[in-house]
1. Per 5 Å bin, what is the whole-percent P(r) computed from every C-alpha pair distance within segment 65-131?
2. Over segment 57-147, with the other protein chains present, what is the accessible area per residue in square angstrom, probe 1.4 angstrom?
3. For Lys80, list the lysines whose Cα falls under 29 Å from its own Cα; do not include residues on the same chain fewer than 8 positions away.
4. Tell me the relative contact order for segment 97-137 as a rounded percent, counting alpha carbon contacts under 8 Å between residues six or more apart.
5. Based on Cβ point charges of +1 for Lys and Arg and -1 for Asp and Glu, what charge dipole magnitude is obtained for segment 43-124 about its Cα centre, in debye rounded to the nearest 20?
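The values are calculated or read from the model by the stated rules, or taken from the named source; none is laboratory data. On a predicted model such as this, the values are computed, not experimentally measured, just so you know. Here the Cβ positions follow ideal geometry from the backbone for every residue, glycine too, while neighbour counts run over all protein chains shown. For accessibility, only protein heavy atoms count, side chains too; no ligands or nucleic acids. Shrake-Rupley method; radii C 1.70, N 1.55, O 1.52, S 1.80 Å.
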Amino acid sequence: MRYLNLLPLAALALSACEKAETPTVARSEHPEILASTPASPAANTIPLAVQGRWGLVPADCTSTRGDNKGLVTIDATSLKFYESRATLGAIKDIDDDGIEATFAFTGEGQAWTLDVELDVEDGGKTLIRKEKGPNASPTPLKYTRCT
């Protein structure tokens with residue numbers, strides 16, 4: 001008779017075991033799941049390969065005096081230069097190694113927008129920055145990743 005009180009507990013434990021033994025499937029094993037999954041927030045950020053510290057010349061990466069005028073620091077949503085900053089706006093094109101987007105710049109008491117293309121080359125060692133539109137730099141800038 002006293003074992004009848006344990007019957008509901010045994011049933012509950014058994015159902016928990018059955019649920020725990022249900023196999024899980026990795027999303028990467030099924031491309032159809034990936035295709036139907038909404039984009040992650042990372043899709044609205046600068047790719048990881050582009051993020052980091054980049055210098056126009058080697059001294060930009062090693063200066064301790066604050067005179068590294070060719071240094072750009074890139075995070076998920078912004079570019080930080082010596083005297084200006086740029087915030088990510090509308091993305092026009094993006095992949096694992098680059099982005100083309102509109103950036104809102106501020107610096108030295110001014111504000112402007114500029115279309116910028118950032119592409120990583122040489123296995124992640126080189127960053128090419130191209131500006132587009134009015135007031136854009138006519139030549140691409142080549143940065144080296146700071147180590």
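1. That works out to 4, 15, 27, 27, 16, 8, 3, 0, in percent per bin.
2. Values: 5510 Å² over 91 residues.
Per-residue value: 61 Å².
3. Lys69, Lys92, Lys125, Lys130, Lys132, Lys142
4. Numbers: 64 pairs, mean separation 13.3, N = 41.
Answer for segment 97-137 is 32 percent.
5. Details: 6 positive and 15 negative charges, 106 e Å.
With Lys and Arg at +1 and Asp and Glu at -1, about 500 debye.
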